[in-house]
Amino acid sequence: MLRSLTDFIAEIAGGTREPEFAENDYRLAAAALLVHVVTIDGIIGDAEMEKLRHILAFRFSLKPEEAEHLLEAAIARDAEAVDLYAFTSVLNRAMDEEGRKRVIEMMFEVAYADGGLTEFEDNLVWRAAELLNVSSRDRVEIRKRIRETFDEA
């Protein structure tokens, strides 16, 4: 009811409401994992952030400003999280096996965006894959495919 009212008011005023990403929104959970990949090694590079923005917009069919809003929400959510389970449990409920593999793929894409994969990033993706029930075999295959993509570029 309140959302309908605020949408109506925004429409009358000529604006649009910014999209909201609830705590149980799989897009927020995936974005928070990607933010964690970017920040895990202590170096937040421009290439990783640009890749992160691109992935959010492309994979979730968001306009650039919506992707930016999701990124801001994900940064806040990642800062308050105590473990990966907060994110992976949402993804396990919302996604099938192929969707969870795509999340691992996105994590590797962000990790490799700066030219390499650190041991911290690799360990983080490994832990997330375990929690997402993505097999070691699939995770290694995804990592190899993404690495080859970046080696070719």
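The values are calculated or read from the model by the stated rules, or taken from the named source; none is laboratory data. These figures come from a predicted structure and were not determined experimentally. Positions of Cβ are backbone-derived with ideal geometry, glycine not excepted, and every protein chain shown enters the neighbour counts.
For this structure, a couple of remarks:
- Verdict on A113 being at pLDDT below 95 and farther than 17 Å from F60 by Cα: yes
- Scanning the range 48-74 for residues that are surrounded by 18 or more Cβ atoms within 10 Å (Cβ to Cβ) and acidic (D, E) yields a single hit, E48.
- Taken as a whole, the structure places R3 among residues that are loosely packed, with under 11 Cβ neighbours inside 10 Å, more than 18 Å from R100 (Cα to Cα) and at pLDDT below 85.
- Filtering the range 95-153 to residues that are in contact (Cβ under 8 Å) with a residue 12 or more places away in the chain, farther than 19 Å from D46 by Cβ and not in a helix (DSSP H, G or I) leaves M95, L132, N133, V134.
- Here the range 131-153 is the region considered, the condition is being at pLDDT below 95 and surrounded by fewer than 12 Cβ atoms within 10 Å (Cβ to Cβ), and the residue that is nearest to M107 (Cα to Cα) is E148.
- Number of positions in the range 89-101 that are closer than 16 Å to S135 by Cα, surrounded by 16 or more Cβ atoms within 10 Å (Cβ to Cβ) and of a type outside the set (S, T, N, Q): 4
- Residue within the range 121-128 that is modelled with pLDDT of 95 or more, surrounded by fewer than 20 Cβ atoms within 10 Å (Cβ to Cβ) and acidic (D, E) present: yes
- Selected residue (criterion: nearest to the chain's Cα centre (by Cα)) from residues of the range 21-35 that are at pLDDT 95 or above, of a type outside the set (S, T, Y) and over 17 Å from I146 (Cβ atoms): A31
- For the range 40-87, filtered to residues that are of a type in the set (V, I, T) and in contact with a helix residue (DSSP H, G or I) (Cβ under 8 Å, 6 or more places away or on another chain), the residue that is modelled with the lowest pLDDT is I44.
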